[in-house]
């Protein structure tokens, strides 16, 4: 593991480190700067810590704001405009050998994807905390969290192969539109006119989890986004997301992310 620090009077890298085939760089881009069209020889991951900017790739604009986590495949042409204030972010570059080692388990590094908040932001926030801390144990923690990040991203962005019934899409829309509601399997099955067993089997086959696990993931993602983007009280966020109380929410959130809701909120607002 190697680590360097850089001055950053108006922009550029602040610090960098190499850990287990990954190169992490925290950098600042000053307001008004532009990164013209360019590519990277390997895949990159970026986590926005502060500020907002716009990235253009393939004719599509991506609004990147605090708690945005995005992946850019190797060789993909893109440009970035920092016209909404200074931006601080964490860039993660992946060595070719490391890309090959994770390919059998995750194709995330080959996809052009972006996520806002949720569990991916929680993991990325923990990576940034370890990166800033950088004690003797930090490289080990960072490498483990990076692999966890790739696994979580692959699950979130995975596309279901083969043909799935149209009603399964209706179920997903119902769950996403009312993530704070307490659906039962029977209610969902009745709404799309299938047997509950049929729904359960098709859902697990398509999404590699049960309906209940999917709902809990949606609730956590919604709550994590609220924590990062609002100043609402944690108890209020917990109730809106469908948790019984703040204690229940905090316990589930900590089990899934390794952080308390308050620590997660602080990690997205570094001093």
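In segment 227-252, the residue that is nearest to the chain's Cα centre (by Cα) out of those that are under 16 Å from residue 117 (Cβ atoms) and in contact (Cβ under 8 Å) with a residue 40 or more places away in the chain is 228. Please indicate, with yes or no, whether at least one residue in segment 35-49 is surrounded by fewer than 18 Cβ atoms within 10 Å (Cβ to Cβ), farther than 23 Å from residue 110 by Cα and in contact (Cβ under 8 Å) with a residue 40 or more places away in the chain. The answer is no, given that none of the residues of segment 35-49 is surrounded by fewer than 18 Cβ atoms within 10 Å (Cβ to Cβ), farther than 23 Å from residue 110 by Cα and in contact (Cβ under 8 Å) with a residue 40 or more places away in the chain. Considering segment 67-121, the qualifying strands (runs of 3 or more DSSP E), each wholly inside and each with 1 or more residues that are farther than 18 Å from residue 146 by Cβ and either touching a strand residue (DSSP E or B) at 6+ places or on another chain (Cβ under 9 Å) or outside the structural domain of residue 217 (by TED's automatic domain parsing) (or both), run over 78-82, 87-94, 113-116.
When the residues of segment 102-117 are filtered to those that are surrounded by 18 or more Cβ atoms within 10 Å (Cβ to Cβ) and farther than 22 Å from residue 48 by Cα, the one that is modelled with the lowest pLDDT is 106. Among the residues making up segment 163-204, those that are more than 23 Å from the chain's Cα centre (by Cα), touching a residue at least 12 places away in the same chain (Cβ under 8 Å) and not in a helix (DSSP H, G or I) are 164, 165, 181, 182, 183, 193, 194. Scanning segment 55-75 for residues that are surrounded by fewer than 17 Cβ atoms within 10 Å (Cβ to Cβ) and modelled with pLDDT of 90 or more yields a count of 2.
Out of all the residues in segment 122-130, is one or more surrounded by 22 or more Cβ atoms within 10 Å (Cβ to Cβ) and not in a helix (DSSP H, G or I)? Looking through segment 122-130, none of the residues is surrounded by 22 or more Cβ atoms within 10 Å (Cβ to Cβ) and not in a helix (DSSP H, G or I).
The values are calculated or read from the model by the stated rules, or taken from the named source; none is laboratory data. Just so it is clear, the structure is predicted and the values come from calculations on it, not from any experiment. Note that we place each Cβ from the backbone using ideal geometry, even for glycine, and neighbour counts take in every protein chain shown.
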